[in-house]
Structures are given as C-alpha cells and as structure tokens.
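What follows is a set of notes on a single structure, which appears directly below.
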Amino acid sequence: MAVTIRLLGLFRQYGPPEPWVVPAGERSIGELLAEMEEKAHAGYIPIVNGERKSKAYVPEEGDEIKIMPLVTGG
C-alpha cells in the first residue's frame, strides 16, 4: 500500500500533481520534501492522519499526509 500526500498553500506550485502517492516506509517526510522546501523558501508542518508529526517521521502504509506551510509575515 502507499502513502498519499496533499500539498497546501504555496507548496502546491512546487509539487507534483495531486494526489501525490509515494511508497510507504522508504523515506522520511523531510527527505521527501527537501527539494520542494528549498524551492519554496518556506518551512512546513506535516499533518499525518490528523496529527502533527516531525519531518523525521517515516510514513506508514495508508497514511494520509497534509503539508501545511508555515505562515509568515513582514
């Protein structure tokens, strides 16, 4: 089974078309999104199955992940 990732906010323009499906148990959220985070010049909060997780979390089968960009102001 796979993992579904949904990108929110500005991350949508830097990611693949949705739904983004990746294999479970291979790479952490941080590894999956490193290039995208660099392009967006923004941080994010991973929400896995409705709970906040760290970037070090390795997705498990059936996980649904939402990537929420950090809100910044100036």
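Mind checking the full-extension length gain between Leu70 and Gln13? Use 0.36 nm per residue of separation minus the Cα-Cα distance, one decimal, nm.
This chain segment gains 19.0 nm when fully extended.
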field: Set of region 1-15 residues, backbone N closer than 15 Å to the point 7 Å along the Cα-Cβ line of Ala24
entry: 1-5
- request: Would you mind checking which residues have amide H under 5 Å from Ala2's amide H? H placed 1.01 Å from N; only 5 or more apart, or other chain.
  value: Gly62
- prompt: Taking a ≥ b ≥ c as the square roots of the eigenvalues of the Cα gyration tensor of region 21-62, is the shape rounded (a/c under 1.5), prolate (a/b larger than b/c) or oblate?
  reply: oblate
query: How big is the chain in terms of Cα radius of gyration and Dmax, in angstroms?
result: 11.6, 42
- line: Under the helix-only model (-39500 (n - 2.57) for each DSSP H run of 4 or more, divided by the residues of the chain), the mean residue ellipticity at 222 nm, to 500 deg cm²/dmol, is -5000 deg cm²/dmol
- line: Simple SL model, points at 7 angstrom along Cα→Cβ for Arg6 and Ile47; separation in nm is 0.8
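If you stretched the chain out fully between Glu35 and Glu61, how much longer would it get, using 0.36 nm times the residue separation minus the C-alpha to C-alpha distance?
7.1 nm
Coordinate-derived values only; no laboratory data. Computed from a predicted model, the values in this text were never measured in an experiment. Cβ sites come from the backbone with ideal geometry, for glycine too, and all protein chains shown count toward neighbours.
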